[in-house]
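*Asks:* Below: one structure in structure tokens.
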Amino acid sequence: MNVVMNRIEKMDIKKVFMMVILAALVFTVLAPLSAKSAHAALANGTYSVDYKVLADGTENTSRLDSYVVKPATVTVVNGVSTARLTITSSNLITAFKVEQNGQLVDATVVSTNTSANTRVVEFPVANLDSKVNAYAEIKIPVINYTGKYNVQLQFDTDSI
């Protein structure tokens, strides 16, 4: 009888140990996810947010990334986030669109500085933790080049 009781006690200790390990693993996986979702509910205000312009469907930085100023400015009003980016070489970037409700639409031009050759654009962002599909056209008349780029904007919500 004692042998049976000892085995049961050993199994219980093993089970408790396994449950503790399992709970630690679950917490390790879920904690970052809950932190990410916290960014979706930013308080009203204005934030500086780092971001990257990624080549279409990849994690590689697009050449278009060198035509934008970092960080972006994100304004939140009543739960609605609006991102503002400054585009450099504005005379070469002839189109800049972002996906809204499944359609690419022109980003709103907030300001243009012809002497600095920049322009500020803004657009709503439904979720800063998700990539934003975008499109840009670059025209360089001197070399008769037109490039059309599908890209994704990836905001670094940890930089908020």
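The values are calculated or read from the model by the stated rules, or taken from the named source; none is laboratory data. Everything numeric here is computed off the predicted structure, so don't read it as measured data. Because the Cβ atoms are built from the backbone with ideal geometry, glycine has one as well, and the counts that use them run over all protein chains shown.
*Asks:* Out of the stretch 130-160, which residues are under 18 Å from K70 (Cβ atoms) and outside any strand (DSSP E or B)?
*Replies:* Listed by number, the residues that qualify are K131, T157, D158, S159, I160.
*Asks:* So, one more: Which residue pairs have Cβ atoms under 7 Å apart, sit 6 or more places apart or on different chains, and have a first residue in the stretch 101-113 that is within 19 Å of S89 (Cβ to Cβ) and a second that is among the aromatic types (F, W, Y)?
*Replies:* These pairs meet every condition: A107/F96; A107/F123.
*Asks:* On the given criteria, is A126 under 18 Å from D56 (Cα atoms), surrounded by 12 or more Cβ atoms within 10 Å (Cβ to Cβ) and among the small types (G, A, S)? Before the answer, list the steps.
*Replies:* Working: under 18 Å from D56 (Cα atoms): no; surrounded by 12 or more Cβ atoms within 10 Å (Cβ to Cβ): yes; among the small types (G, A, S): yes.
Considered against the rule, which asks whether it is under 18 Å from D56 (Cα atoms), surrounded by 12 or more Cβ atoms within 10 Å (Cβ to Cβ) and among the small types (G, A, S), A126 comes out as no.
*Asks:* In addition: Within the stretch 95-111, is there a residue that is touching a Ser or Thr at 6+ places or on another chain (Cβ under 9 Å) and surrounded by 14 or more Cβ atoms within 10 Å (Cβ to Cβ)?
*Replies:* no
*Asks:* Among the numbered criteria (1) buried (at least 17 other Cβ atoms within 10 Å of the Cβ); (2) at pLDDT 95 or above; (3) closer than 20 Å to T157 by Cβ, which single criterion is violated by H39?
*Replies:* Going through (1) buried (at least 17 other Cβ atoms within 10 Å of the Cβ); (2) at pLDDT 95 or above; (3) closer than 20 Å to T157 by Cβ one by one, H39 breaks only (2).
*Asks:* Residue by residue through the stretch 68-83, note down the ones that are among the hydrophobic types (A, V, I, L, M, F, W, C), under 15 Å from the mean Cα position of the chain (by Cα) and closer than 11 Å to F123 by Cα.
*Replies:* Answer for the stretch 68-83, where residues must be among the hydrophobic types (A, V, I, L, M, F, W, C), under 15 Å from the mean Cα position of the chain (by Cα) and closer than 11 Å to F123 by Cα: V74, A83.
*Asks:* OK, next. If a residue has to be hydrophobic (A, V, I, L, M, F, W, C), surrounded by fewer than 18 Cβ atoms within 10 Å (Cβ to Cβ) and touching a residue at least 60 places away in the same chain (Cβ under 8 Å) to count, how many in the stretch 49-87 make the cut?
*Replies:* Filtering the stretch 49-87 for residues hydrophobic (A, V, I, L, M, F, W, C) gives 49, 53-55, 64, 68-69, 72, 74, 76-77, 80, 83, 85, 87.
Filter once more, keeping what is surrounded by fewer than 18 Cβ atoms within 10 Å (Cβ to Cβ): 55, 69, 76-77, 80.
Next, from what is left, pick out any that are touching a residue at least 60 places away in the same chain (Cβ under 8 Å): 55.
Within the stretch 49-87, residues that are hydrophobic (A, V, I, L, M, F, W, C), surrounded by fewer than 18 Cβ atoms within 10 Å (Cβ to Cβ) and touching a residue at least 60 places away in the same chain (Cβ under 8 Å) number 1.
*Asks:* Here's something else I'd like to know. If a residue must be part of a strand (DSSP E or B) and more than 17 Å from I93 (Cα to Cα), how many such residues does the stretch 53-69 contain?
*Replies:* 1
*Asks:* Still on this structure: Please work out which one of (1) surrounded by fewer than 15 Cβ atoms within 10 Å (Cβ to Cβ); (2) more than 23 Å from D56 (Cα to Cα) is the condition Y145 fails and give its number.
*Replies:* Of everything listed in (1) surrounded by fewer than 15 Cβ atoms within 10 Å (Cβ to Cβ); (2) more than 23 Å from D56 (Cα to Cα), Y145 misses just condition (2).
*Asks:* Can you tell me which condition Q100 does not meet? The list is (1) within 23 Å of N150 (Cβ to Cβ); (2) touching a Leu at 6+ places or on another chain (Cβ under 9 Å), and all the others hold.
*Replies:* Every condition holds for Q100 apart from (2).
*Asks:* Same structure, new question: Against the condition surrounded by 14 or more Cβ atoms within 10 Å (Cβ to Cβ), touching a Ser or Thr at 6+ places or on another chain (Cβ under 9 Å) and in the same structural domain as D50 (by TED's automatic domain parsing), how does S90 come out, does it pass?
*Replies:* Values: surrounded by 14 or more Cβ atoms within 10 Å (Cβ to Cβ): yes; touching a Ser or Thr at 6+ places or on another chain (Cβ under 9 Å): yes; in the same structural domain as D50 (by TED's automatic domain parsing): yes.
So S90 passes the test.
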